[in-house]
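Reading through the structure tokens given below for one structure.
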Amino acid sequence: LIQKDPRTMLLKKAFLAITCLLSISALAQELNCSVTIIAPQIANVEASRIENIESSIQEFMNGRRWTEDYYDLDERIECSMQITINEAPSQTTFRGSIQIQSSRPVYNSDYKTPVFTGNDNDFTFTFADNQIIQWSNDQHRDNLSSVLAYYAYIMIGSDYDTFSAQGGTDYYLQAQTIVANAQNAGESGWRASEGQRNRFWLVENILSQTFAPLRNCLYRYHRHGFDKLYTDATAGRNEIIEGLLGLNEVHKVRPASYNIQLFFVAKADEIINLFKAAPAEEKERLISLLRLLDPANIQKYDGMMS
């Protein structure tokens, strides 16, 4: 028999254990978020500081576990954040906006369909050198971590809503908890009294029964519409039409709502591209609804008929 060096065996076992832990860690990460920070008008902040903030935010978004589910690397939610810094009152205080986008793959296709697109123009945060962004779900530690965690849960909730009917509820509730914890924060964007287009109303509307047709549309549009275009394009488009028709129920109660506007920011061009070559009768079912729900793009929708 060949005698095996016990030290070698111990090292192999340790290596396997570390490999397993690393594999579990990789599987636990839900987001594949790219982060870009631009500061076109800021001259009093060194570029290295901006780069430090950028890398710290990216690590915060991608390096933590947001749900109890496990993801393979290719299952992570593709998303991006672009932060524009317009003011820097000090070396550690920044004001600007944050744009958030997420997408998900379409079954049997290389195409990725946009799911959530948001633009938050009320973003103020502080960041010191070599700061580690920390967050707790039971308190408001600081505005940076709360805003990032809030949008992480909004994107995850939106993604889950596209795979199962109202499947994102638990994650929207997490976002709502973040809002509740931030009610006494010095920064704005968290309170109902501050306008109809902020973090408070975004998640409040999502969880309202009034907006259930919008969440049902997310599911029907993606799971029964886009995911089935490969096998039956006509049936898939009909499912998308039915999902969109349901949005009229929201419009009747809350015309020009923030959430409906965000939906069409993400989907208007996609809908136009999908139905451009569709039969006229399909387009006729949609055109009056699209004009009603998304008047900003009326000219684009009218172009579908040509």
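In percent, rounded to a whole number, the relative contact order of the chain is 12, using alpha-carbon pairs under 8 Å and six or more apart. The length gained on full extension between Ser90 and Glu59, counted as 0.36 nm times the residue separation minus their Cα-Cα distance, comes to 8.8 nm. Taking a span of 30 Å or more along the helix axis (Cα atoms) and a mean Kyte-Doolittle hydropathy of at least -1.0 as the rule, the DSSP H helices of the chain that qualify are 6-28, 143-163.
Between Ala43 and Lys112, the simple spin-label model (points 7 angstrom out along Cα→Cβ) gives 3.8 nm. About the centre of its Cα atoms, the chain shows a dipole size close to 260 debye [charges on the beta carbon of Lys, Arg (+1) and Asp, Glu (-1) only; nearest 20 debye]. In this rough spin-label picture, where each label sits 7 Å from Cα along the Cβ direction, the Thr169-Arg76 distance is 3.0 nm. Please give, to one decimal in nm, the separation of the simple spin-label points placed at Ser34 and Ala280, each 7 Å out from Cα toward the Cβ. The modelled label-to-label distance comes out at 4.2 nm. First select every other residue whose beta carbon is under 12 angstrom from the beta carbon of Glu242; then total the charges, Lys and Arg +1, Asp and Glu -1. Its environment carries a net charge of +1. The local environment of Leu207, defined by Cβ-Cβ distances under 12 Å, has a net charge of -2 under the rule Lys, Arg +1 and Asp, Glu -1.
Taking all protein chains as present, what is the carbon and sulfur share of the accessible area of the chain, in % to the nearest whole number, probe 1.4 Å? Ligands and nucleic acids excluded, carbon and sulfur give 51 percent. Taking the average, over residues, of other Cβ atoms within 10 Å as the packing measure, peptides 260-268, 177-185 rank 260-268, 177-185 from highest down. Along the stretch 294-305 the Karplus relation, 6.51 cos²θ - 1.76 cosθ + 1.60 evaluated at θ = phi - 60°, assigns HN-Hα couplings of 9, x, 4, 10, 4, 4, 5, 5, 4, x, 5, 7 Hz to successive residues, with x for each Gly and Pro. Counted over the chain, the DSSP beta bridges are approximately 70% antiparallel. In the stretch 167-216, the convex hull through the Cα atoms has an average projected area of 3.5 nm², a quarter of its surface area. Helix-only arithmetic for the chain: the sum of -39500 (n - 2.57) across DSSP H runs with n ≥ 4, divided by the residue total, places the mean residue ellipticity at 222 nm at -15500 deg cm²/dmol.
What the chain shows is 51 Å² of accessible area per residue, with the surface traced by a 1.4 Å probe over protein heavy atoms. Rounded to 0.05, the FRET efficiency of the Glu270 and Thr210 pair, given R0 = 25 Å and the Cβ-Cβ distance, is 0.50.
The values are calculated or read from the model by the stated rules, or taken from the named source; none is laboratory data. The model shown is predicted, which means the values in this text are computed figures rather than measured ones. Using ideal geometry, Cβ is built from the backbone for each residue, glycine included, and neighbour counts are taken over all protein chains shown. Ligands, DNA and RNA are excluded from the accessible area calculation, which covers all protein heavy atoms including side chains. Shrake-Rupley method; radii C 1.70, N 1.55, O 1.52, S 1.80 Å.
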